[in-house]
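See below for the structure under consideration.
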Number of protein chains: 2
Amino acid sequence: MSTRSFWGWGHAERFPDAAARAALGQQVGAVLGFEPQPPESPAEISAIALPPAAVVPWECADFVSTDAEARIQHTYGKAYRDQVRGFRGDFAAAPAAVATPRDEDDVQRVFEWAARAAQSIVPFGGGTSVVGGVEHPGALSLDLSALSGVREVDDVSGLARIGAGTFGPDLERGLEPHGLTLRHYPQSFEFSTLGGWLATRAGGHFATVYTHIDDLTASIRMLSPAGVFESRRLPGSGAGPSPDRLVLGSEGALGVITEAWMRVRPRPRWRASATAHFATFEQAVAAARAVARSGLFPSNCRLLDKREAALNGVADTPVLLLGFESADHPLDAWMARAVELVRDHGGDVRRPPTLRDDAEKGRDAAADQWRQAFLDGPYLQSTLISLGILADTFETAVTWSGFPALHEALVRDVRDAMKRVCGAGVLTCRFTHVYPDGPAPYYTFVAPARRGAELEQWAAIKAAASDALLAHGATITPHHAVGRTHAPWYEQQRPAPFGDVLAAVKRTLDPDGLLNPGVLGLG
Amino acid sequence: MSTRSFWGWGHAERFPDAAARAALGQQVGAVLGFEPQPPESPAEISAIALPPAAVVPWECADFVSTDAEARIQHTYGKAYRDQVRGFRGDFAAAPAAVATPRDEDDVQRVFEWAARAAQSIVPFGGGTSVVGGVEHPGALSLDLSALSGVREVDDVSGLARIGAGTFGPDLERGLEPHGLTLRHYPQSFEFSTLGGWLATRAGGHFATVYTHIDDLTASIRMLSPAGVFESRRLPGSGAGPSPDRLVLGSEGALGVITEAWMRVRPRPRWRASATAHFATFEQAVAAARAVARSGLFPSNCRLLDKREAALNGVADTPVLLLGFESADHPLDAWMARAVELVRDHGGDVRRPPTLRDDAEKGRDAAADQWRQAFLDGPYLQSTLISLGILADTFETAVTWSGFPALHEALVRDVRDAMKRVCGAGVLTCRFTHVYPDGPAPYYTFVAPARRGAELEQWAAIKAAASDALLAHGATITPHHAVGRTHAPWYEQQRPAPFGDVLAAVKRTLDPDGLLNPGVLGLG
């Protein structure tokens, strides 16, 4: 924990020095066609002024801290607007205290304290929310990182009982001795927790079939002020509306997830990968659709538009990256058919697919490198903030028939907004997941910021994107949660009476309204 | 409709005459080892006495009937206990009237009438519930069969907007001109509706991956007394708890589903099938587990225990029936690996797998025949009732590690119960669906009934089975819903505060408590 940046992504020591940042600024500027500003440095943590802390009752003293650094570390997630405020030393939204419960009894003690003191509780996993999911001034931040570890493994069923506070790498390390893996790699993997993934319906490693953490969940245990909400560990059920699906996506507003039984699997041994180049974006989309509907179920089916491919140094055309993996069988037939499909849609597969067997060649270093580069992506955003460059992403899911009009509107409206508020800007697109009925497109925007006005600039661009998503039948979020940022659009998206339904559920499970007020549009 | 049996399964004319029934009774008796009784005949519909009918308000007169036959046809589902009561002419539970709304405005008119008259409403699809899902004396039965048809097809996304009252065969006929299919074949397929499948989380055709109707649902439109509850048509979303998953399994207690966008797919062209024989049941289970965890995703992975295989004339050993299907590619590699896996677990695949391409050989008559035989299964139960033989099924899902102890307990407790209350009885087991973390076992029990005491005998056997399911961590229902029959066990199974949650949701959507009181343990 001590190396975590108090304002930016990940480990503090990964933030480059001023000279390196200036050099990176030149590179980025050359690619994007606009000038970065001279690097600034973040506020000194010791100079940060905080609002008053809570008075901790004696029964919580052993696991609650009012230490300034702890409160600073628990003020924000890692959204662009969080990092900008943190960089400037603005921690007015700090929690009044940070509780790190050692067990469920401690969670209960915090519930009682909060009810007595009429204080809100914000469940905090790894603090990587990009949607304002953990920000509530003066709350008690409930850091669940001590409720961690792989606690029990059922090898026969491929299930593991895991503490909600377990970070991604610890979770995989706990499964490795069993030859098992969860294989859930959101980009926040290193710094986020199982409980956070469940509470936000995180999207993961697999591009098809089991894409969301929802699909990997066999049962959940959640503490609510009204009692323990624990489902049965079942491979499937048809007994009434799914209780798990009410907890998944509840964003800490209905209870505190303490552990879950997760579906784990043998570590993959066979892998196949291929890259297809396309003359046009439309062709690449058509090929991705064909693969998504084929029943081949690739683990990777990542489309990059031309600019995204260029920025990533992959190609100077739109590309489709295909990957298969299996713990059970070689993948030659799967990949051969996928390549055939992609070629039928104009794809140029220049090199024969790579087919490998880890049992022969050892663990795939290239895959590990690719994953590390993917996980390192968010560091760049923090560096760009110091250079006065606004960089962020938004994501969605939409039907195949709805995608072209949505994409056109987003390109037009987001570019217009960047031009209007920043003077310029670049927008790129990729697909992170594909479904038989539509893709999950993921957009990155980068624009020159005006120092001191970044938050307004960001809000204008975000609103342009979000309005277009809603107008074109897409979802405001496929796997980054609603939090506070997306709430206005989420309220338009959901079925009209569903807001009242969630409010009624909240009154039942959290009658004093203690838990994470503001997320999901709940008071 | 006119040919539907008022008490038994399906078409009335399919009920054999007394001589044919007596002959069948001899056959069945020889196989089961106990004597059937001389066939009885069902009550005459004209002699059935009904409780008083409702007085229909003028604004509903055009679509509401108080006709005796309509009320009789809407009194029960098709559970064993429904058929026994119907056979005897006991329709004391008849609804006060049957509404057949022509559109959503008519549904609204029924809501208003019911609220004014303090009368319950029971949404009625095809009336095939086997769990008391549509039985509520004196209610208004809301028959949704007129809200039917494939209304819109999005070929690009593979989605179809379908009226909730559409019966299985009409649904497939509506999709056929588009070259598309839903491929959802519960055993009730011919006589049940899309809305019923959604409201009960029906299990369908596929043994792996997308097994439940839940997975095939892109969005749902439901009318509740509190307003229209309609979700967005999305391939995936992470925006808060899933609203669809609250409607799926709501069993008509939260609103009336009027239509849905369903994920449909191209009709399969390639098919592969194989049969493996095993020396022991345990070996067959281990082979099914291996296939379920392989990532091969067969469309069929049906295990039959020795007795089930014998009764179906398939084999005199435990067998595993494997099937693959695809609209995209030949299945040789998939089947080859599945056969290898099954052989590794002691399976004897005596004949080479069948691999066929419908484009070469035309539609697969054998598959059509098998499906028809499967769909005809429930007719036998009605015939056995007339012979004084008690025959029913119960189903569950459980982890692979939990299955052996559960199976042992079920075999012991259900046989004990049959012996105690019937003097004898046969229990068979198959797997209908398999998941990476566990199977969905399906049990059939057949025992000699004592005329007049069938319902008590049935209740004792059902209780023995249900108690064992609950004690061994299994679900009370994987895909037959909770209804009224399963409510006592469902209340033990669900998370403790979930009953209060559902009650709060019901108060929000159905403040006057009009809709299907009693299902899901809701008042």
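Using just its DSSP H runs of length 4 or more, each adding -39500 (n - 2.57), chain A gives a mean residue ellipticity at 222 nm of -10500 deg cm²/dmol after division by all residues. Over the stretch B:62-158, what relative contact order in percent results from Cα pairs under 8 Å that are six or more residues apart? That works out to 36 percent. Between amide H atoms placed 1.01 Å from N, distances below 5 Å from A:Glu259 occur with A:Ala164, A:Arg221, all of them 5 or more places distant or on a separate chain.
With Cβ to Cβ distances under 14 Å as the rule, what net charge do the other residues near B:Ser382 carry (K, R +1; D, E -1)?
Cβ neighbours under 14 Å give a net charge of 0.
Database remark: amide H of A:Leu515 closer than 5 angstrom to the amide H of A:Ile121 (H placed geometrically; neighbours at sequence offset of 5 or more, or on other chains; Pro and chain starts carry no H). Quick one: net charge of A:Ala115's neighbours, Cβ under 14 Å, K/R +1, D/E -1? Net charge around A:Ala115: -2. Between B:Asp344 and A:Thr354, the FRET efficiency estimated from the beta carbon spacing at R0 = 30 angstrom works out to 0.60.
The phi torsions of the stretch A:328-343, fed into the Karplus equation with coefficients 6.51, -1.76 and 1.60 and a -60° offset, translate into couplings of 10, 8, x, 10, 4, 5, 4, 5, 4, 5, 5, 5, 4, 4, 5, 5 Hz, rounded to whole numbers, with Gly and Pro shown as x.
Would you mind working out the magnitude of the charge dipole of the stretch A:150-266 relative to its Cα centre, with +1 at each Lys and Arg C-beta and -1 at each Asp and Glu C-beta, to the nearest 20 Debye?
200 debye
Across all Cα atoms of the stretch B:453-523, the radius of gyration (one decimal) and Dmax (whole number) stand at 13.8, 42 Å.
Karplus-derived 3J(HN,Hα) values for the stretch B:164-173, using 6.51 cos²θ - 1.76 cosθ + 1.60 with θ = phi - 60°, are 5, x, 6, 6, x, x, 5, 4, 5, 5 Hz; glycine and proline are entered as x.
Computed from the Cβ-Cβ distance with R0 of 56 Å, the FRET efficiency linking A:Arg4 to B:Arg420 stands at 0.30. Across peptide A:287-296, the mean count of Cβ atoms from other chains lying within 10 Å of each residue's own Cβ comes to 4. Ranked from shortest, the separations from the 7 Å Cα-to-Cβ label point of B:Arg507 to its equivalents in the other copies are 0.6 nm. Candidates B:Leu427, B:Ala284, B:Trp7 compared by Cα position along the dipole of chain B: farthest toward the positive end lies B:Ala284, with charges placed on Cβ. Model label points for B:Glu176 and B:Arg363, set 7 angstrom from Cα along the Cα-to-Cβ axis, are 0.5 nm apart. Using the Karplus relation 6.51 cos²θ - 1.76 cosθ + 1.60 with θ = phi - 60°, the per-residue 3J(HN,Hα) values for the stretch B:147-163 come to 8, 10, x, 7, 9, 6, 10, 9, 5, 5, 8, x, 9, 9, 8, 10, x Hz, with x marking Gly and Pro. The charge dipole of the protein assembly as shown, taken about its Cα centre with unit charges on the Cβ of Lys, Arg, Asp and Glu (plus for the first two, minus for the last two), comes to roughly 1000 debye. Remark on A:Ile389: its backbone amide H falls under 5 Å from those of A:Ala449, a criterion applied only to residues 5 or more positions apart or on other chains, H modelled at 1.01 Å from N. Note on the protein assembly as shown: Rg/Rh from C-alpha atoms, Kirkwood Rh, equals 0.98.
Remark: label point of A:Asp105 defined 7 Å out from Cα along the Cα-Cβ vector; separations to the same position in other copies 6.5 nm, ascending. Dividing the mean sequence gap of close Cα pairs (under 8 Å, 6+ apart) by how many residues chain B holds gives a relative contact order of 16 percent. Using the Cβ-Cβ distance between A:Gln492 and B:Val55 with R0 set to 30 Å, the FRET efficiency from 1/(1 + (r/R0)^6) comes to roughly 0.10. Backbone N atoms of the stretch A:297-315 closer than 14 Å to the 7 Å Cα→Cβ label point of A:Phe374 belong to residues A:298-304.
Plainly put, the tip 7 Å out from Cα toward Cβ on B:Arg363 is 5.3 nm from that tip on each other copy, the closest given first. One quarter of the convex hull surface built on the alpha carbon atoms of the stretch B:1-144 amounts to 9.4 nm², the projected area averaged over directions.
Straight-line cross-link reach from A:Lys419 at under 13 Å between alpha-carbon atoms covers no aspartates and glutamates, not counting any fewer than eight positions away in the same chain. Over all other residues within a Cβ to Cβ distance under 11 Å of A:Cys429, the charged ones net out to 0, with Lys and Arg as +1 and Asp and Glu as -1. Charging the Cβ of each Asp and Glu at -1 and of each Lys and Arg at +1, and nothing else, the dipole of the stretch B:313-386 about its Cα centre rounds to 180 debye. Of A:Val107, B:Gly362, A:Gln372, which is farthest along the charge dipole of the protein assembly as shown in the positive direction, counting Lys and Arg as +1 and Asp and Glu as -1 at C-beta? Of the candidates, B:Gly362 comes out farthest on the positive side. Counting Cβ atoms of other protein chains within 10 Å of each residue's Cβ and taking the mean over peptide A:500-510 gives 6.
Every number here is computed from the coordinates shown, using simple stated rules; none is lab data. Remember, predicted model here, so these are calculated numbers, not experimental data. Neighbour counts run over all protein chains shown; Cβ positions are idealised from the backbone, glycine included.
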